[in-house]
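See below for the structure under consideration.
The values are calculated or read from the model by the stated rules, or taken from the named source; none is laboratory data. Note that this is a predicted model, so its numbers are computed, not measured. Cβ placement follows ideal geometry from the backbone for every residue including glycine, while neighbour counts extend to all protein chains displayed. Remember, those area values only see protein heavy atoms, side chains included, never the ligands or the DNA or RNA. Shrake-Rupley method; radii C 1.70, N 1.55, O 1.52, S 1.80 Å.
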Amino acid sequence: MVHFRGAGYQLLPIEPEHAATVEQLPLHHADLFDRLLIAQALHEPMRLLTNDRLVANYSDTIILV
């Protein structure tokens, strides 16, 4: 992971496990990029903040803001 100085951000590379997790997701959301973000958040596990209600339907660890 690469750290962005002072901002507290990290780059999260796309791993084969993330792609495999996408395949297991229900089809609440059709956007492939959003589905990849969801899969990464669920696999790592990490919190994902979103303003998209369809994305928030995937897990209680995805927070609607």
Within the stretch 36-51, residues being open to solvent by 40 Å² or more (accessible area, probe 1.4 Å) and over 18 Å from Ile14 (Cβ atoms) number 3
Just checking, how many residues over the stretch 52-65 are open to solvent by less than 80 Å² (accessible area, probe 1.4 Å) and either of a type in the set (S, T, N, Q) or touching a residue at least 24 places away in the same chain (Cβ under 8 Å) (or both)?
-> 5
Could you grab the pairs with beta carbons closer than 7 Å, sequence gap of 6+ or different chains, first residue in the stretch 12-33 and open to solvent by 80 Å² or more (accessible area, probe 1.4 Å) and at pLDDT below 95, second one not hydroxyl-bearing (Ser, Thr, Tyr) and not in a helix (DSSP H, G or I)?
-> His28/Asn57
Tyr9, sole failed condition from (1) touching a strand residue (DSSP E or B) at 6+ places or on another chain (Cβ under 8 Å); (2) modelled with pLDDT under 90; (3) exposed (fewer than 11 other Cβ atoms within 10 Å of the Cβ); (4) of a type outside the set (Gly, Ala, Ser) | (3)
